[in-house]
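Have a look at the structure below, then the notes.
Every number here is computed from the coordinates shown, using simple stated rules; none is lab data. What you are looking at is a predicted structure, and each value in this text was computed from that prediction instead of being measured. Every residue, glycine as well, gets a Cβ built from its backbone with ideal geometry; the counts of neighbours run over all protein chains shown.
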Amino acid sequence: MRAKEFITEQRTDGLTVASYSLPNTYIMPDLKNNDFYELYRFGVAFAAVRGEGGQDDGVQNEFKNEFQSETSWGEHQLVSSEFDEDLGNTIDKTLKKVGKTGKKLVTAANSNEIPNTNIQSTLKPFKGYKK
């Protein structure tokens, strides 16, 4: 058996092939596939549209938060550690190694409960059996 009999070269482009097998397929020229943050936000926005009633699926959504096109930290890298008290210095040294500078502390230095968190147990303490 000769190779030419079972190896064929496809002479059509991918979009032409997709037009047969992938109905309702869209490209979005303004949304590049190399910016993962933008792709993530697009996915979240897509879910928000569906959750806001973009689709009549009969599902009740009691958690209707307003969608923000950008998160509070945006595309900025985040490093967090509750256990490394020298994290700031480690970040500085790492940034220097890759030719970058600058970091900004955006939270408290210690972990704390959210103010409305109930920290009292609902279970009554067991005092033991009577002797």
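Quick notes on this one:
- Remark: region 101-109, residue by residue, has Karplus-estimated 3J(HN,Hα) of 9, x, 8, 9, 6, 10, 9, 6, 6 Hz, where x stands for each Gly or Pro and the curve is 6.51 cos²θ - 1.76 cosθ + 1.60 at θ = phi - 60°.
- Residue-wise HN-Hα coupling along region 68-75, computed from phi with Karplus coefficients 6.51, -1.76, 1.60 (Hz; x: Gly, Pro): 10, 5, 9, 6, 5, 9, x, 8
- In plain terms, the residue of Arg2, Arg50 with the fewest other Cβ atoms within 10 Å comes first and the most crowded comes last, giving Arg2, Arg50.
- Whether region 62-131 is rounded, prolate or oblate, judged on the alpha carbon gyration tensor where a/c under 1.5 counts as rounded: oblate
- Virtual spin-label span in nm between Trp73 and Met28, 7 Å along Cα→Cβ: 2.3
- Counted by neighbouring Cβ atoms within 10 Å, the residues Arg41, Arg11 run from fewest to most as Arg11, Arg41.
- Coupling constants for region 29-45 follow from the phi torsions by the Karplus curve (6.51 cos²θ - 1.76 cosθ + 1.60, θ = phi - 60°), and in residue order they are x, 7, 10, 7, 8, 10, 10, 5, 5, 4, 5, 4, 5, 4, x, 5, 5 Hz; glycine and proline get x.
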